């Protein structure tokens, strides 16, 4: 019994030692992948940077630097929602000074880019792109009292046939601006398409 216990203890210690021994190499490899990706980003070799960052994130999906740079890669690709998903995994205040500057400028530029692309999508009636871009604009807007992006999002959702989402969006907006005739008209259109007669009357009376 003592011999079996001894063997078990040795095996357990060996397993722990193996685990501890593997951790530094994984961390080192991840750090090298992120560092190499930064070099490729400076050279505008986005595909190579993306590949390395994907490998780093496969090791640790919450890695701050890997998420920051993958988010930036997604920004250059115009994949804004994915970018914000990566950037939601860290606090900007914990970034390095250079990364903080990039983060601040990118978020500011992103609102304008996403909003303008949303308008372009409206004109071409590309509803998936329109909705995606206005959702991004809503997420990154700096003026919390400005609901233009939400209003456009609601109209786009109703135009796309996403009636429940569009109505919910505009119902939220109308609470902030109850005298806005345009928003009431959007809600009226949504409820007419939904054939919701109770709310058609309610909205019409407003």
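None of the figures in this text is laboratory data; all of them are computed from the coordinates on show. Bear in mind the structure is a predicted one, so any value in this text is a computation, not a measurement. Here the Cβ is made from the backbone with ideal geometry for all residues, glycine too, and neighbour counts use every protein chain on show.
Worth pointing out:
- Relative contact order of the chain, taken over Cα pairs closer than 8 Å and 6 or more residues apart, is 9 percent.
- Applying 1/(1 + (r/R0)^6) with r as the Cβ-Cβ distance of residue 89 and residue 55 and R0 = 22 angstrom yields a FRET efficiency of 0.85.
- For region 101-206, the convex hull spanned by the alpha carbon atoms encloses 85 Å³ per residue.
- Acute angle (nearest 10 degrees) that the helix 97-124 long axis makes with the longest principal axis of the chain, alpha-carbon atoms: 40 degrees
- If you wrap the tightest convex hull around every Cα atom of the chain and split its volume per residue, you get 196 Å³.
- Approximate spin-label separation residue 116-residue 143, in nm, with each point projected 7 Å along Cα-to-Cβ: 1.8 nm
- Of every Cα-Cα pair in region 30-151, the percent that sits beyond 18 Å: 54 percent
- Working note: 222 nm ellipticity from helices only, DSSP H runs with n ≥ 4, each -39,500 (n - 2.57), summed and divided by the residues of the chain, gives -27000 deg cm²/dmol to the nearest 500.
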